[in-house]
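The values are calculated or read from the model by the stated rules, or taken from the named source; none is laboratory data. The shown structure was predicted, so the numbers you read here are calculated from the model rather than taken from an experiment. All Cβ positions, glycine included, derive from the backbone under ideal geometry; neighbour counts span all protein chains shown.
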Amino acid sequence: MRVRFYATFREIIGRKEVEVHGVRTVRELIDYLAEHYNKRIRDELLHTPRVGPDKPVDGMILVNGHNILHLKGLDTELKDDDEVHIFPPAGGG
């Protein structure tokens, strides 16, 4: 699958996009990215005060254009032909 990164996540990973194969869920994808690129991505997505029962990630993850909040959250299934977009939280002001 193609995984595209935006803003600070692009800096953390060091690339605009990567190809990933063999992961079955969004949770596995985050673990894969942390293991193969930079463990900070897991911390930034999953371990901030803004993460909770109704908000499984800090930021936004789209799978084929659909927000995982409206799918199965971190348990959203992935296939090798999917396209995933990972955005950091939006700033306000």
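A few remarks follow.
- Residue within the stretch 55-69 that is in contact with a strand residue (DSSP E or B) (Cβ under 7 Å, 6 or more places away or on another chain) and assigned to a loop (DSSP other than H, G, I, E, B) present: yes
- Where a residue in the stretch 61-78 is closer than 14 Å to I30 by Cβ and its partner, wherever it lies, is hydroxyl-bearing (S, T, Y) and part of a loop (DSSP other than H, G, I, E, B), with Cβ under 6 Å and at least six apart: V63/T76; I68/T76
- Within the stretch 24-61, restricting attention to residues that are of a type in the set (S, T, Y) and over 16 Å from I13 (Cβ atoms), the residue that is nearest to the chain's Cα centre (by Cα) is T25.
- Conditions (1) in contact with an Asp or Glu (Cβ under 7 Å, 6 or more places away or on another chain); (2) at negative phi; number of the one not met by D82: (1)
- Matching entry among E44, E28 (being touching a Leu at 6+ places or on another chain (Cβ under 8 Å) and either modelled with pLDDT under 95 or not in a loop (DSSP other than H, G, I, E, B) (or both)): E28
- Residue-level check: of (1) buried (at least 17 other Cβ atoms within 10 Å of the Cβ); (2) modelled with pLDDT of 95 or more, P56 misses just (2).
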